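The next block holds one structure in the form of structure tokens; read it before the comments.
The values are calculated or read from the model by the stated rules, or taken from the named source; none is laboratory data. Quick caveat, the model's predicted, so the values are computed rather than measured. Reconstructed Cβ throughout: ideal geometry from the backbone, glycine too, with neighbour counts over all protein chains shown. Side chains are part of the model used for accessible areas, which takes the heavy atoms of the whole protein and leaves out ligands, DNA and RNA. Shrake-Rupley method; radii C 1.70, N 1.55, O 1.52, S 1.80 Å.
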Amino acid sequence: MKFDFLSESDQAYFIHKASTLVEALPYIRQHSGKNIVIKYGGHAMGDTNLSKSFSKDIGLLKEVGINPIIVHGGGPQIGEMLKKKNINSNFLEGLRVTDKETVKIVEDVLSKDINSKIVNDINLTGGKAIGISGNKNELIKAEKLNLKVKDSDSNIEKILDLGFVGTPVEIKISSIKEIISNGLIPVIAPLGIDKFGNTYNINADTVAGVIAGAMKADKLLLLTDVAGILDENKKLISSLSVTEAKEISKKEFIIGGMKPKIKTCINAIDQGVKKATILDGRISHSIILELFTEHGIGTQIYT
Ligand code: ADP
Ligand code: MG
């Protein structure tokens, strides 16, 4: 049959579009009603087209009955603000050393600038998001992180002092569940508070992983600025069992921000999350490609 009002190439285009939607159906059924935690990285956020496509993707997930829970980072934006204020900061094991002055700036950038921008972007594309900060209403109870590292020569373990960098100890999941049951999308800033009222900067991957575990999420998606985990030849590793991931995490080609990312995936799977994926946030609609097509992208880590 031929439609008189469409050229043949237009017809083929629309038929392809229709079949793409139909092919998504089994994936929609599979994920519907499930919690999916998405870590949205600082790099993808800086690009207007990418942030628009991210917002639409999140709206789409919600419309088909999936519960997206967003945890955002803010590394590049925090870096810019510190530079503007002439404050130096350095990283140890992929984590930002955070003194008292820095943690205030981290808090402002994360919970004011970035969090509201993501919420607004989602709401502008027709979604309904609400921003929450981990250090408010005891959402994320934290304590100071004592990062243990082994000296490679002597094999002696030492503890690194990162200042106001925290580790989550308890998540108030009732608050997240309430937001979801009200039909809203939670957008969470990765901050924590200790029993003395100190605010801590927490790596956003770590927060996403702990929330995924606590919320019994089906999936954890960590969007970043690389294709996934790259091997020593810079080739993408497309999938790893959790045992293989534990082995790889010790290799010398895993450095910087990739260290907490892999650790997060391992911990999340140990906590019952079915699959964790590190994927390229620079590709538009990467979330949709990952969830709704057979062409999974990035590095999948599974049980
Ligand atoms: P994000 O904002 O997404 O958390 P990070 O800078 O914290 O970004 O972590 C991602 C970075 O990890 C990559 O840009 C890359 O430079 C670094 N990295 C280190 N080792 C690897 C590796 N083996 N494969 C991929 N990326 C790696
Ligand atoms: Mg990071």
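Brief remarks on what is shown
- Choice from 141, 84, 250 showing the highest fluctuation, given a GNM over the chain with Cα pairs closer than 10 Å: 84
- Taking N as its residue count, the alpha carbon Rg of region 51-210 over 2.2 N^0.38 Å: 1.12
- Here region 191-303 carries DSSP beta bridges of which approximately 45% are antiparallel, counting only pairs with both residues inside.
- DSSP bridge pairs, the chain: antiparallel proportion in percent, nearest 5: 40
- Mean accessible surface per residue for the chain, computed with a 1.4 Å probe while every protein chain stays in place, in Å²: 52
- Rolling a 1.4 Å probe across all protein chains gives residue 81 an accessible area of roughly 50 Å².
- Over region 1-81, relative contact order from alpha-carbon pairs under 8 Å, at least 6 apart, %: 35
- Take 200-208, 93-101, 213-221 and order them by the average number of nearby Cβ atoms within 10 Å per residue, most first; the result is 200-208, 213-221, 93-101.
- Calculated FRET efficiency for the pair residue 158/residue 246, C-beta based, R₀ 30 Å, to 0.05: 0.85
- Whole-number percent relative contact order across the chain, with pairs defined as alpha carbons under 8 Å at least 6 apart: 22
- Of the solvent-accessible surface of the chain, computed with a 1.4 Å probe over protein heavy atoms with every protein chain present, carbon and sulfur atoms account for 53 percent.
- Label zone at residue 34 (point 7 Å along Cα-to-Cβ), backbone N below 18 Å, region 50-81: 58-71
- Build a GNM of the chain with springs between Cα atoms under 10 Å apart, and of 239, 19, 51 the one that fluctuates most is 19.
- Distance in nm between pseudo-label sites at residue 259 and residue 232 (7 Å out along the Cβ direction from Cα): 1.9
- Cα lying deepest toward the dipole's positive end in the chain, options 70, 239, 281, charges on Cβ: 70
- Region 1-158: relative contact order as a whole-number percent, Cα under 8 Å and 6+ apart: 19
- Potential lengthening between residue 198 and residue 173 on full extension [0.36 nm per residue; Cα-Cα distance subtracted]: 6.9 nm
- For the pair residue 239 and residue 302 in one chain, pulling the backbone fully straight at 0.36 nm per residue adds 21.9 nm over the alpha carbon distance.
- Label-point gap, in nm, between residue 147 and residue 100 - each point 7 angstrom along Cα→Cβ: 2.2
- Beta bridges assigned by DSSP with both partners in region 93-209 are antiparallel in approximately 60 percent of cases.
- Net length gained if the chain between residue 91 and residue 19 were fully extended (0.36 nm per residue, minus Cα distance): 21.2 nm
- Globularity ratio of the chain, using Cα Rg and 2.2 N^0.38 Å: 1.04
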